[in-house]
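Reviewing the structure listed below.
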Amino acid sequence: MTTEVVLVTLIALAIQYLYFVGFWTSRGRATPGMRGLKMQVVDVSTGRGLSLTAAMIRWAALGAPLALLSLIRPLQPVAGFVNACLLVILFLTTVTNDRRQGLHDRWAASLVIRSGTSGDGATAAGLVVLVLLWIGFAIIVGVAAFIFLAPQLPEILSRLGRPT
């Protein structure tokens, strides 16, 4: 594990923290994507914006700090699996709750509300946009990897056939 990897991981985690907690506790009570879908995160008992503590609990419960597991060499193989399991659990607890509160919302005493004018198609549109963003990201990463690996490609391909 290099110092650069640790530093990049910590910086990425800090940026993610500032983004989500900052937007959830702002006047808009939502990230830009949530605003586009006319959704807000509110305190379940008051209907007002989240406190800093509630936003931090919600962010942590969504699994962001699990990125730190990848910094511990013996836990690296398990980090992705643990995160995937958490996301499945959060999804299942969200869709099976009558108020659509997943564990992360229950722990933070938060609730995601949607404007009456957002319509039922807003979630579907949001998912389509998300899928398109992931596809675009995958294409960009693939092209960048090809550009950086192009000089070594003949050597990499020649090693594939050789036993080690």
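The values are calculated or read from the model by the stated rules, or taken from the named source; none is laboratory data. Nothing here was measured: the structure is a model prediction, and the numbers come from that model. We place every Cβ from the backbone using ideal geometry, glycine too, and count neighbours over all the protein chains shown. Protein only, heavy atoms only, side chains kept; ligands, DNA and RNA dropped before computing areas. Shrake-Rupley method; radii C 1.70, N 1.55, O 1.52, S 1.80 Å.
Filtered by the rule that a residue be over 13 Å from Ser115 (Cα atoms), more than 14 Å from the chain's Cα centre (by Cα) and open to solvent by less than 40 Å² (accessible area, probe 1.4 Å), the range 25-39 gives a lone residue, Ser26. Between Thr2, Thr53, the distinction of being at pLDDT 95 or above and open to solvent by 40 Å² or more (accessible area, probe 1.4 Å) belongs to Thr53 only. In this entry, Ala79 is excluded by the filter for residues that are of a type in the set (A, V, I, L, M), surrounded by 12 or more Cβ atoms within 10 Å (Cβ to Cβ) and under 18 Å from Leu18 (Cβ atoms). Answer yes or no as to whether Thr9 is open to solvent by 80 Å² or more (accessible area, probe 1.4 Å) and among the β-branched types (Val, Ile, Thr). When the stated conditions are applied, Thr9 does not pass them.
Among the conditions (1) farther than 19 Å from His104 by Cβ; (2) open to solvent by 40 Å² or more (accessible area, probe 1.4 Å); (3) part of a helix (DSSP H, G or I), Pro65 misses just one, which is (1). Return yes when Thr53 is free of Cβ contacts under 8 Å to residues at least 60 places away in the same chain, within 23 Å of Leu130 (Cα to Cα), outside any strand (DSSP E or B) and not hydrophobic (A, V, I, L, M, F, W, C) and no when it is not. Spelling it out, it is not the case that Thr53 is free of Cβ contacts under 8 Å to residues at least 60 places away in the same chain, within 23 Å of Leu130 (Cα to Cα), outside any strand (DSSP E or B) and not hydrophobic (A, V, I, L, M, F, W, C).
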